[in-house]
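Encoded as structure tokens, the structure appears first; notes follow it.
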Amino acid sequence: MTATLPAPSSSLMPTLAGRYYTDPALFTREQELVFEAMWCCVARTDEVAAPGSFRRVQVGRESVLVVRGRDGGLRAFLNVCRHRGAQLCSEESGQVTRTLRCPYHAWSFGLDGALVAAPNLARMPDVDRVANGLVPVHLREWLGYAWVCLADDPPSFEDDVVGAVTERLGDPAAIEGYDVGRLALGRRIRYDVAANWKLVVENFMECYHCATIHPELTDVLPEFSRGHAAQSFVGHGAEFAAGVDGFTVDGSVGFPALPGIDQDRDRRYYAATIKPAVFLNLVPDHVILLRMTPLAVDRTGVECDWLYAPEVVAAGLDVSRSVELFHRVNQQDFAACERTQPGMSSRAYAAGGVLVPVEHHLALFHDWLRSRLGEG
Ligand code: FES
Ligand code: FE
């Protein structure tokens, strides 16, 4: 007698197959067609506040320098010397006085990227200093961050980045109330996650796991224990539990609400995903912004910033209870992603897994990815 497989239920939808999380060739295509083609959030602009300060960041397969010019402007360049290709800066961040000098043959580039000096340059009068200058990268500033795009012809920043947030919040003015660009960095924690970047995104996009792994978060936001992610509904903010006074690890009171937060948004948590790899969390008194950098098919760097009113940071007020809440959430989430990564190469997952109804919006992310990869 032949066993009959149960009929597929329409409440279950398929996920991506396991190879999407393990195949190095597919990872390279993602670097090219996603991270090197879209706007990526790379650094806080106040990290590079002084003229001559720079930060080195990874964008797709490229090393990029974000540099503050002597004119106060922020620019980005590929971190590659135009002479014979040496990496210009190997430090993660730093400060120069006037030029970025290549450690190999000492070509020097101005903070605007132009070639300004090189040994024997006087004997090469025909050298075009701009054409042989550093290769510029498109840069925009928003929410106090530098966003760069490696594409020759970048997609619309307003549609892809600003639009992603305003569409999720359901009101173009909503993000302005938080005045994120004015906020100051209270804490930054870096995580090195042994999982494919898409596992981290998918985890952030759903809350089916919240009741299982986030006890502190569901104490503050009880509706999360029902599995609905705040970001699956346009304009919806998850309400704080009765008796909870702030978005802190023990529900104790935080700081006064940011000045632009009206009554509707007080006591609520909002979240938005900005593709490909930024997560924005908004609560009345602070903002948490996570940026992911895919480092390998099974490894993702995450930089998480907790942002507060500048007065809170300047006064050295204790932010540890609010930091601790989302730090625990991050640790719980990343442990789940790391638990899942090995399964992606198991034959059990060769055809993928399934999405339950509260996860069905993840299928849109999968469709989006497939279309970026040219898979229709
Ligand atoms: Fe940079 Fe030669 S490679 S100066
Ligand atoms: Fe989570």
Legend entry - Burial ranking of peptide ranges 365-372, 213-220 (average Cβ count within 10 Å, highest at the top): 213-220, 365-372
Legend entry - Mean separation of Cα contacts under 8 Å (6+ apart) over length of the chain, as relative contact order %: 21
Legend entry - About the Cα centre, charge dipole magnitude for segment 67-212 (Lys/Arg +1, Asp/Glu -1 at Cβ), debye: 980
Legend entry - Radius of gyration and maximum dimension Dmax of segment 225-376, Cα, Å: 17.9, 55
Inset, instruction - Hey, can you grab everything whose amide H is under 5 Å from the amide H of residue 53? Only 5+ residues off in sequence or another chain; H modelled, so Pro and N-termini drop out. - result: 68, 96
Legend entry - Sequence of 321, 129 from largest to smallest accessible area, 1.4 Å probe: 129, 321
Legend entry - Per-residue [θ]222 nm for the chain (sum of -39500 (n - 2.57) over DSSP H runs n ≥ 4, rounded to 500): -6000 deg cm²/dmol
Legend entry - Under Karplus coefficients 6.51, -1.76 and 1.60, residue-wise ³J(HN,Hα) of segment 43-58 in Hz, glycine/proline x: 7, 6, 5, 7, 6, 10, 7, 7, x, x, 7, 9, 9, 9, 9, 9
Legend entry - Cα gyration tensor category, rounded, prolate or oblate, for segment 35-190 with a/c compared to 1.5: prolate
Inset, instruction - Stick to Cα atoms and the Kirkwood definition of Rh, then tell me Rg/Rh for segment 146-187. - result: 1.06
Legend entry - Positive dipole terminus of segment 330-376, leading residue within 362, 344, 334 (C-beta point charges): 344
Legend entry - Counted charge near residue 227, where neighbours are those whose Cβ lies closer than 11 Å (Asp, Glu -1; Lys, Arg +1): -2
Inset, instruction - Using only the Cα atoms of segment 6-83, each taken as one equal point scatterer with no solvent, compute I(q) by the Debye sum, divide by I(0), and report log10 of the ratio at q = 0.22, 0.23, 0.27 Å⁻¹. - result: -1.02, -1.06, -1.21
Legend entry - Longest to shortest principal axis, alpha-carbon extents of segment 206-301, angstrom: 43, 31, 25
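How big is D for the chain, in µm² s⁻¹ as a whole number, if Stokes-Einstein is applied with the Kirkwood radius of its Cα pairs at 25 °C and 0.890 mPa s?
Rounded to a whole number, D works out at 109 µm²/s.
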Inset, instruction - Calculate one ³J(HN,Hα) per residue across segment 141-147 by plugging θ = phi - 60° into the Karplus curve 6.51 cos²θ - 1.76 cosθ + 1.60, and present them in order as whole Hz with x for glycine and proline. - result: 10, 7, 6, x, 10, 8, 10
Legend entry - Those Cys residues of the chain for which no other cysteine Cβ falls under 4.7 Å: 40, 41, 89, 149, 304, 337
Inset, instruction - Sort out for me the Cα centre separation of segment 85-149 from segment 338-376, rounded to whole Å. - result: 41
Inset, instruction - Report, by chain and number, residues whose modeled amide H sits under 5 Å from the one on residue 278, excluding near sequence neighbours (fewer than 5 apart, same chain). - result: none
Legend entry - Cα-centre dipole for the chain with unit charges at Cβ (Lys and Arg positive, Asp and Glu negative), debye to 20: 1360
Legend entry - residue 11/residue 86 FRET efficiency (R0 51 Å; Cβ-Cβ; nearest 0.05): 0.35
Inset, instruction - Using the heavy atoms of the protein chains and a 1.4 angstrom probe, tell me the accessible area per residue for the chain in square angstrom. - result: 46
Inset, instruction - Please give the residues of segment 44-66, grouped as numeric ranges, whose backbone N is less than 18 Å from a label point set 7 Å along the Cα-to-Cβ vector of residue 121. - result: 52
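In the chain, carbon and sulfur make up what percent of the accessible area (probe 1.4 Å)?
51
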Legend entry - Ordering of 167-180, 269-282, 37-50 by burial proxy (mean other Cβ atoms within 10 Å per residue, highest first): 269-282, 37-50, 167-180
Legend entry - J(HN,Hα) series, segment 275-281, from Karplus relation 6.51 cos²θ - 1.76 cosθ + 1.60, nearest Hz, glycine and proline x: 5, x, 8, 10, 10, 10, 10
Legend entry - Under-5 Å amide H pairs with residue 258, H placed in peptide plane, nonlocal only: 285
Inset, instruction - Along each of the three principal axes of the Cα atoms of segment 320-376, give the extent in whole Å, ordering the values from largest to smallest. - result: 46, 25, 24
Inset, instruction - Please find, in a Gaussian network model of the chain (springs between Cα atoms separated by less than 10 Å), the residue of 355, 295, 221 whose mean-square fluctuation is greatest. - result: 355
Inset, instruction - Could you give me the percent of Cα pairs per 10 Å distance bin for segment 293-339, shortest bin first, beginning at zero and ending with the bin that holds the maximum distance? - result: 21, 41, 25, 13, 0
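The values are calculated or read from the model by the stated rules, or taken from the named source; none is laboratory data. Since the model is a prediction, treat every value here as computed from it, not as a measurement. Ideal geometry is used to build each Cβ from the backbone, glycine not excepted, and the neighbour counts take in all protein chains shown. Ligands, DNA and RNA are excluded from the accessible area calculation, which covers all protein heavy atoms including side chains. Shrake-Rupley method; radii C 1.70, N 1.55, O 1.52, S 1.80 Å.
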